[in-house]
1. Let me spell it out: the conditions are (1) in a loop (DSSP other than H, G, I, E, B); (2) in the same structural domain as residue 91 (by TED's automatic domain parsing); (3) modelled with pLDDT of 90 or more, and residue 62 meets all of them except one. Which number is the exception?
2. Looking only at the stretch 33-70, count how many residues are among the polar types (S, T, N, Q) and within 13 Å of residue 100 (Cα to Cα).
3. Which condition breaks for residue 111 when tested against (1) in a loop (DSSP other than H, G, I, E, B); (2) buried (at least 19 other Cβ atoms within 10 Å of the Cβ)?
4. Condition check: in a helix (DSSP H, G or I), among the acidic types (Asp, Glu) and assigned by TED's automatic domain parsing to the domain that holds residue 154. Does residue 121 satisfy that?
5. Which count do you get for residues in the stretch 72-99 that are outside any loop (DSSP other than H, G, I, E, B) and farther than 15 Å from residue 56 by Cα?
Amino acid sequence: MTTGESTKRYETPNHPYQEERIAEESELLGRYGLKNKEELWRAQSELRNYRREARRLIGDAQGDLAAAETAGAEFVESLQRVGILDETDDLSAVLSLDVTDVLERRLQTVAYRQGLANTTEQARQFIVHGHVTVDGARVTRPGYQVEVHEEDAVSFDETSPLADELHPERAEGQ
């Protein structure tokens, strides 16, 4: 591969026409305000990698969960830092994660849940247009994974017209 080429960061479904899967994907696209299915597939691939790593750690320890916990402490810690796992969860909890756990950590979803926007689509627009900051730094990627310690630092950019409480596009009560 030459410099500058990007690699695909997701896998497409094996069977393109499955009515049930398509309906489920469409529902998730609507609920999380995703632009296209590629964003959903990227989250699913990320989750698949987490599960694969958890299975590898458990397999390397030959089923000894205590040894796997010790070996995978850093891995579990990193998932707890980004908020995919709770502080009380362990390595076996990774295997029961759902794609919604990954989607809930996107900046777009966090901004919407905090009331910065009326809809997930509006949250996406505010982020892409540069109105939202995380810990004082402007972030224009709706798929940015918000860490737990950054969650309270998600706000409007002070130079943005949306920083004004009376702006007509601001969410009610925010």
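The values are calculated or read from the model by the stated rules, or taken from the named source; none is laboratory data. This one's a predicted model, so the numbers in the text were calculated from it and none came from an experiment. Reconstructed Cβ throughout: ideal geometry from the backbone, glycine too, with neighbour counts over all protein chains shown.
1. With respect to (1) in a loop (DSSP other than H, G, I, E, B); (2) in the same structural domain as residue 91 (by TED's automatic domain parsing); (3) modelled with pLDDT of 90 or more, residue 62 is out only on (3).
2. Within the stretch 33-70, residues that are among the polar types (S, T, N, Q) and within 13 Å of residue 100 (Cα to Cα) number 2.
3. (1)
4. For residue 121, the condition - in a helix (DSSP H, G or I), among the acidic types (Asp, Glu) and assigned by TED's automatic domain parsing to the domain that holds residue 154 - is met.
5. Of the residues in the stretch 72-99, 6 are outside any loop (DSSP other than H, G, I, E, B) and farther than 15 Å from residue 56 by Cα.
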